[in-house]
């Protein structure tokens, strides 16, 4: 009998880490490792989440990147609980787009911060998870298993 429900991970039943795309540790499996912050963000390691008391604005959780000029990127995050407004921080600025649904934007060739920030305070702790940043491939770029196929460092395209 074949069982396709589980992958063999060498006897380990531990879940695979979340794929944060360009974000290191986007699922917070390793606490806040890889993240920079302004103020009161903490990690709940047993739940693999990040949380903030949400009692003041501009509390940021971010990573720094130099993105490709003119390329399209997608950022997403899960807002698990809380009543504050948390928005995506894109190219060093509050995007005004509340986290939840994925949001696309254009990269700039300057070192910038990308992540999330509290824009309206709340009355209870806010909990987030699964921050993901990916570059959106052009329509004619060849992908395999969700990754761009390259040759000599350049994307392979359909012609």
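The values are calculated or read from the model by the stated rules, or taken from the named source; none is laboratory data. Keep in mind that this is a model prediction, so the values were computed, not measured. A quick note on method: Cβ atoms are made from the backbone with ideal geometry, for glycine too, and the neighbour counts reach across all protein chains shown.
Quick notes on this structure:
- Residues (modelled with pLDDT of 95 or more and surrounded by fewer than 18 Cβ atoms within 10 Å (Cβ to Cβ)) located in region 43-64: 64
This table checks each residue for (1) in a loop (DSSP other than H, G, I, E, B); (2) touching a helix residue (DSSP H, G or I) at 6+ places or on another chain (Cβ under 8 Å); (3) more than 30 Å from residue 138 (Cα to Cα); (4) touching a residue at least 40 places away in the same chain (Cβ under 8 Å).
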position	(1), (2), (3), (4)
29	yes, no, yes, no
33	yes, no, yes, no
58	yes, no, yes, yes
80	no, no, yes, yes
122	yes, no, yes, yes
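- Of the residues contained in region 13-20, none is found to be at pLDDT 90 or above and within 22 Å of residue 96 (Cβ to Cβ).
- Residue within region 106-115 that is in a loop (DSSP other than H, G, I, E, B) and crowded, with 18+ Cβ neighbours inside 10 Å present: yes
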